[in-house]
Amino acid sequence: MANATRKIAAEAAEDMEPASSPALPRKKRSRGKFWWLLLVLLVATVAGWYGWKTYAGEAKTDTVVTEMPVRGDIENSVTAAGLLSPIKGVDVGAQVSGQLKSLKVEIGDRVEEGQLIAEIDSASIETQIEIAEAELANLGAQMIDKTAQVVLSKANLTRQRALVAGNSAAQSALDEAVAALATAEANVDALKAQIRKQEASLKDARISLGYTKIYAPMSGTVVNTSAKEGQTLNANQTAPTIVTIGDLSTMTVEAEVSEADVGKLTLGMNAYFTLLGQPGKRHPGTLRQIKPTPATENNVVLYYALFDVPNPDGTLMMNMTAQVFFVQSGATDVLTVPAAAVRFAADGKSGEVTVLTPSGTRDDRKVETGVRNRVRVEIKNGLEETDAVIVGTGSADGTATTARRSNSRRGMPPPMF
C-alpha cells in the first residue's frame, strides 16, 4: 500500500511540472488527472483505516465467556401460582328465625365438635310448644268421649240383635245400631289421625327449640363471623350464615395451571410451594386432584390443581399466595452447565459443548445429558469439574452473545483491504 501511495504521489508531482508546449489543452488534461488521482488516494486512505479499525479493533476487544461445571441439585418442574385454603370448611347457619341472643365465639377461636357457639331467642318456639301440648291434651279428652261412644254403640248393637232374633224389634232398629257403631268407630279413627298430626307438630316445635342452640359441626378454627348479637335472622328462605369454621391443621393449595402445562401433570406427582415471606422454605405435598372444569381469565384457560400440606404450627394462613412447583424430574449432587452452552442432538439425550483448553484452543466434547430445565442441564458423561465450558462471547463494551448465536458479521460486505 505504501509503494502504491508513493507511485501515485510521483505521478502527481510529474503532472505538476510545466509543460514544454504552451498548448492550452495539455494543461487542462494534466490538471484534471491530478485531481482525480488525489481523490482516489483519499478514498484508499479512508477505506484502509476503516478496515484496520474494524477488524483489528474487534479482534482485540472480543473475549470468550466460560464457566466451570457446577455440582448441585437440578429439577425440571411446571410452575404455577396458587392460593391456600383450609382442607375442610363449613358455614354454620341458623335453621330457625329469631333474634341472635348470644354469640359465644370470635374469629380465630379454636372450637371442638359439639361445642355451643351461638343461641337464638327461643321464646316464640317455646310458646308454640305450649300451644301444641294444649291442643294435644284437648284431642286426648275428645278421644275418651269418642271411645265411649263406640262402647255404647257396640252395646246397643248387641241388644238390637237379641231383640230382632226374638222378634221383639224391627230390622230397621238393628240397621240403625250397626250404622251408629260404624260412625262412632270412624270418629275415633279420625281423632287418632288428628292426634298423630298434633304429636308431629309438637315434635317439630321441640326440634326447632333445639335449633335455637347452635353447636359446632366439626372441630376447627372460626375464620369468619357473619352475624352479630341482637341481629334478627330470617331462615324462611335461606339459612343465614352465623360463623364459618375451617380445619387449618391441613391446608390445600389450589394452583392455576395453564392449558399448555396441564398435560404435563399426573396424579401422585411430587409438588411443593414457597411463600413470599419465606422464599427459601419448601412446603412439600402430592398432587391429589385436577379439577376437570377450567376457568377463563382474560381469554386464558386455567385448570385448578390441588394438593395438601400439613400445618401443625399454624404458620400457613388462608388466601396466602404460593409459588407452586410440580416436579417432573430431578437429580441431586450432579454436574450441571448452563443450557446456553449445550448444543443438543436430535434424540435430546446427548449433545455437544465447547471447552476452552489451558493452551487457549477450543475443543468440542460429546456429552450425555440428563435432567434439564430452561436454565441448566445435567451432564452425566463427557465433562470434568475442571473443564472451562464456553458459554458465549463478550466484548469490552459489556455486551455478550451465547455460544450458539451466529456470527454478527454474516451478511456484511468483505473488507476492502
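Just need a number here: residues in region 179-218 that are more than 60 Å from the chain's Cα centre (by Cα) and β-branched (Val, Ile, Thr). Explain how you work it out, then say what you get.
Step one: list which residues in region 179-218 are more than 60 Å from the chain's Cα centre (by Cα), which gives 179-192.
Filter once more, keeping what is β-branched (Val, Ile, Thr): 183, 188.
Residues flagged as more than 60 Å from the chain's Cα centre (by Cα) and β-branched (Val, Ile, Thr) within region 179-218 amount to 2.
Scanning region 116-149 for residues that are β-branched (Val, Ile, Thr) and in a helix (DSSP H, G or I), which turns out farthest from Gly98 (Cα to Cα)? Walk me through how you get there before you give the answer.
Within region 116-149, the subset β-branched (Val, Ile, Thr) is 117, 120, 125, 127, 129, 131, 144, 147.
Keeping just the survivors that are in a helix (DSSP H, G or I) gives 125, 127, 129, 131, 144, 147.
Details: Ile125: 9, Thr127: 13, Ile129: 16, Ile131: 19, Ile144: 38, Thr147: 41 Å.
Only one residue fits best here, namely Thr147.
Take region 298-326 and flag every residue that is among the aromatic types (Phe, Trp, Tyr) and touching a Gly at 6+ places or on another chain (Cβ under 7 Å). Talk me through it step by step, then tell me what you get.
Of region 298-326, the ones among the aromatic types (Phe, Trp, Tyr) are 303-304, 307, 325-326.
If the condition is that a residue be among the aromatic types (Phe, Trp, Tyr) and touching a Gly at 6+ places or on another chain (Cβ under 7 Å), then Phe307 is the only one that fits.
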Of the candidates Glu126, Glu113, the one satisfying the condition of being modelled with pLDDT of 90 or more and in contact with a Ser or Thr (Cβ under 8 Å, 6 or more places away or on another chain) is Glu113
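Among the residues of region 146-160, is any free of Cβ contacts under 8 Å to residues at least 24 places away in the same chain, surrounded by 15 or more Cβ atoms within 10 Å (Cβ to Cβ) and more than 30 Å from Thr315 (Cα to Cα)? Explain how you work it out, then say what you get.
Keep residues of region 146-160 that are free of Cβ contacts under 8 Å to residues at least 24 places away in the same chain, which gives 148, 151, 155, 158-160.
Subsequent filtering for residues that are surrounded by 15 or more Cβ atoms within 10 Å (Cβ to Cβ) retains 160.
The next check asks that each one be more than 30 Å from Thr315 (Cα to Cα); those that pass are 160.
Checked against the condition, which is being free of Cβ contacts under 8 Å to residues at least 24 places away in the same chain, surrounded by 15 or more Cβ atoms within 10 Å (Cβ to Cβ) and more than 30 Å from Thr315 (Cα to Cα), region 146-160 yields at least one hit.
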Asn167, sole failed condition from (1) among the polar types (S, T, N, Q); (2) more than 30 Å from Gly98 (Cα to Cα); (3) in a helix (DSSP H, G or I):
(3)
Scanning region 54-72 for residues that are surrounded by 13 or more Cβ atoms within 10 Å (Cβ to Cβ) and of a type in the set (A, V, I, L, M), the one modelled with the lowest pLDDT turns out to be Val64
Out of curiosity, is Thr183 at pLDDT below 90, farther than 30 Å from Asp109 by Cα and among the β-branched types (Val, Ile, Thr)?
no
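Suppose we filter Glu113, Glu135, Glu106, Glu130 for residues that are surrounded by fewer than 16 Cβ atoms within 10 Å (Cβ to Cβ) and assigned by TED's automatic domain parsing to the domain that holds Leu191; which single one remains?
Numbers: Glu113 fails: assigned by TED's automatic domain parsing to the domain that holds Leu191; Glu135 fails: surrounded by fewer than 16 Cβ atoms within 10 Å (Cβ to Cβ); Glu106 fails: assigned by TED's automatic domain parsing to the domain that holds Leu191.
Just a single option satisfies the conditions, and that option is Glu130.
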A careful count of residues in region 179-199 that are surrounded by 14 or more Cβ atoms within 10 Å (Cβ to Cβ) and either under 14 Å from Ser153 (Cβ atoms) or free of Cβ contacts under 8 Å to residues at least 40 places away in the same chain (or both) gives 6
Criterion (farther than 30 Å from Ser153 by Cβ, outside the structural domain of Gln149 (by TED's automatic domain parsing), loosely packed, with under 15 Cβ neighbours inside 10 Å and not acidic (Asp, Glu)) met by exactly one of Ser226, Ser219
Ser226
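Across region 201-210, what is the number of residues that are surrounded by 15 or more Cβ atoms within 10 Å (Cβ to Cβ) and over 10 Å from Ile125 (Cα atoms)? Quick ask: steps written out before the conclusion?
Going residue by residue through region 201-210, those that are surrounded by 15 or more Cβ atoms within 10 Å (Cβ to Cβ) are 201-202, 205-206, 208-209.
Applying the additional criterion that residues be over 10 Å from Ile125 (Cα atoms) yields 201-202.
Going through region 201-210 one residue at a time, the tally reaches 2.
Table: residues versus (1) out of contact with any Leu (no Cβ under 9 Å at 6 or more places or on another chain); (2) at pLDDT 90 or above; (3) surrounded by fewer than 18 Cβ atoms within 10 Å (Cβ to Cβ).
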residue	(1), (2), (3)
Leu316	no, yes, no
Pro338	yes, yes, no
Phe344	yes, yes, yes
Asp363	no, yes, yes
Lys366	yes, yes, yes
Val371	yes, yes, no
Take the residues in region 219-262 that are of a type in the set (Val, Ile, Thr) and outside any strand (DSSP E or B), then tell me which one is farthest from the chain's Cα centre (by Cα).
Thr238
Which fully enclosed strands (runs of 3 or more DSSP E) of region 263-368 have 2 or more residues being under 23 Å from the mean Cα position of the chain (by Cα) and not β-branched (Val, Ile, Thr)?
270-275, 278-290, 295-297, 300-310, 321-338
Hey, among Thr274, Thr250, Thr232, Thr241, which residue is touching a residue at least 24 places away in the same chain (Cβ under 8 Å), in contact with a Pro (Cβ under 7 Å, 6 or more places away or on another chain) and surrounded by fewer than 18 Cβ atoms within 10 Å (Cβ to Cβ)?
Thr250
Could you list, ordered by first residue, the pairs with Cβ atoms under 6 Å in which the first is in region 285-299 and closer than 14 Å to Gly82 by Cβ and the second is surrounded by fewer than 13 Cβ atoms within 10 Å (Cβ to Cβ), at least 6 apart or interchain?
Leu287/Leu267
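The values are calculated or read from the model by the stated rules, or taken from the named source; none is laboratory data. Source: prediction; values computed, not measured. Reconstructed Cβ throughout: ideal geometry from the backbone, glycine too, with neighbour counts over all protein chains shown.
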